[in-house]
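Step one of this worksheet: look at the structure below.
Just so it is clear, none of the values below were taken in a lab; they were calculated from the coordinates. Treat the numbers as computed from the prediction; the structure is a model and nothing was measured. Because the Cβ atoms are built from the backbone with ideal geometry, glycine has one as well, and the counts that use them run over all protein chains shown.
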Amino acid sequence: MEINVKYFKFEEISKRNGKNGNKTWIVVKDIVYDVTPYLLEHPGGSELITDWGGKEATKPFEEGGHSSYAKSILVKYKIGELHPNERGLKDEPVGLESGSSNGPCCFIRLLTCGFCR
Ligand code: HEM
């Protein structure tokens, strides 16, 4: 883990969903952004963002076809990073991550000397 980086877990992130006066945080590529101050400036309207408040928003952000200008705005709102233990959970079931000694992959790795991944 890096020093001076604040790590957040979805337990906390999901509360910042823009509802009931809460802030609006989104996660794009494992980075956590507090985009609350930007909502009213968003050219596509604030709802496009608040729909993803407190959630993983990489796909919708990329599908918005955002320019490099939009990405340069986004970086200003970085508040931290997704906790390493919670990264890639949607793509890869827990236990199959590299370095894990549990799960069926352990047996396959044994047979293939680790070249199965
Ligand atoms: C994650 C949810 C988001 C979705 C679904 C979304 C979607 C969109 C869409 C559909 C447009 C086109 C609007 C139009 O042409 O009328 C747009 C434009 C734009 N959005 Fe978003 N957006 C999201 C988040 C953000 C965030 C977090 C930022 C910056 C902090 C941002 C910055 C911009 C900018 C600057 C434009 C103008 C076009 C450009 O320069 O790319 N958006 N967005």
*Proximal lysines relative to residue 71, as straight alpha-carbon distance under 16 Å, when same-chain residues fewer than 8 apart are discounted*: 29, 59
*If you take the charge dipole of segment 1-51 about its Cα centre, with +1 on Lys and Arg Cβ and -1 on Asp and Glu Cβ, which of 31, 50, 7 is farthest toward its positive end?*
7
*Tell me the label-point distance for the pair residue 59, residue 6, using the 7 Å Cα-to-Cβ offset, in nm and rounded to one decimal.*
2.8
*Fully extended contour minus Cα-Cα distance, from residue 20 to residue 72, at 0.36 nm per residue*: 15.8 nm
*Order the peptides 10-23, 53-66 from the highest to the lowest mean number of other Cβ atoms within 10 Å of their residues.*
53-66, 10-23
